[in-house]
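The values are calculated or read from the model by the stated rules, or taken from the named source; none is laboratory data. Quick caveat: nothing in here was measured; it's all calculated off a predicted structure. As a convention, Cβ positions derive from the backbone with ideal geometry for all residues, glycine included, and neighbour counts pool all protein chains shown. Note: accessible area is taken over every heavy atom of the protein model, side chains too, but ligands, DNA and RNA are not part of it. Shrake-Rupley method; radii C 1.70, N 1.55, O 1.52, S 1.80 Å.
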Amino acid sequence: MKLDVAREAQRRGLPATPVLEPTEVLENEHITARGTFRSLPVGGGQQAKVPVGFVFVDGVRAEVASGPPEVGEHTEEVRSSSAPAIPKTANAPGRPLEGLRVLDFGIGAVGVELGRLLAEYGADVLKVESSDFPDFIRTIMGTMMNPSFASSSRSKRGLGVDLKKARGLEIVEKLVRQADVFIENNAAGVMDRLGLGRERLRELNPKLGAFSSNMTGSQG
């Protein structure tokens, strides 16, 4: 029943996900299609399903390749290796990310908090939204300015622009060419439809580091 409700809500464009029991998670069709879990040895000749990684870099999953080592498996290897030298830290003034330029298309949760974290370490973070599609923290709290929004947006600058208009997209494309990092956590396919999908970002700025996240992943 709860899976049916979630599917219907998602079909209507409503963010909804069922609260699953552990066994239901392992058997869920979406999670299975994404290959989220893999059977790996966990010691004592036993196998268990373990999460193999949630991050993809250039389309390749950064994943766990093997289970935990047996007791003593790497003892000789560790004993024979020399410890790396610890680098000396310079007492440089300022914050470590000063000079880094970030475009924040986050809409709540992980997107805006990542932008906030980079800003507090010195990055110049520009939060981009529009009056038609504002950060959902504005709307769910019942007012466009509220403590939750203010907290996640502190240390950032803001820009309101309509990406559905040619002039708006032109402005943002110019910003992309000047940026170092691009953050978004919209629903799968949104940025492609707005003309700022992965391949377009690569065309505009091959050196751009782009981070994308959403609740159910981009496939499955």
Is the range 71-92 home to any residue that is at pLDDT below 85 and either within 21 Å of the chain's Cα centre (by Cα) or surrounded by 13 or more Cβ atoms within 10 Å (Cβ to Cβ) (or both)? no
Just to be sure before I move on: is residue 119 of a type in the set (Gly, Ala, Ser), at pLDDT 95 or above and in contact with a Ser or Thr (Cβ under 9 Å, 6 or more places away or on another chain) in the structure I sent? yes
Can you name every residue in the range 161-177 that is out of contact with any helix residue (DSSP H, G or I) (no Cβ under 6 Å at 6 or more places or on another chain), open to solvent by 50 Å² or more (accessible area, probe 1.4 Å) and of a type outside the set (Gly, Ala, Ser)? 164, 165, 167, 170, 171, 174
Right, residue 51: in contact with a Ser or Thr (Cβ under 7 Å, 6 or more places away or on another chain), open to solvent by 60 Å² or more (accessible area, probe 1.4 Å) and either at pLDDT below 90 or not small (Gly, Ala, Ser) (or both) or not? yes
When the range 181-197 is checked residue by residue, the ones that are under 18 Å from residue 54 (Cα atoms) and open to solvent by 30 Å² or more (accessible area, probe 1.4 Å) are 187, 188
Lone unmet requirement of (1) out of contact with any Phe, Trp or Tyr (no Cβ under 7 Å at 6 or more places or on another chain); (2) open to solvent by less than 70 Å² (accessible area, probe 1.4 Å); (3) among the basic types (Lys, Arg) for residue 138: (1)
Could we say that residue 158 is surrounded by fewer than 15 Cβ atoms within 10 Å (Cβ to Cβ), over 30 Å from residue 6 (Cα atoms) and in contact (Cβ under 8 Å) with a residue 24 or more places away in the chain here? yes
Subset of the range 34-48 [more than 30 Å from residue 206 (Cα to Cα) and open to solvent by less than 80 Å² (accessible area, probe 1.4 Å)]: 37, 39, 40, 41, 42, 43, 44, 45, 48
Within the range 11-26, which residues are out of contact with any strand residue (DSSP E or B) (no Cβ under 7 Å at 6 or more places or on another chain) and within 13 Å of residue 37 (Cα to Cα)? 22, 23, 24, 25
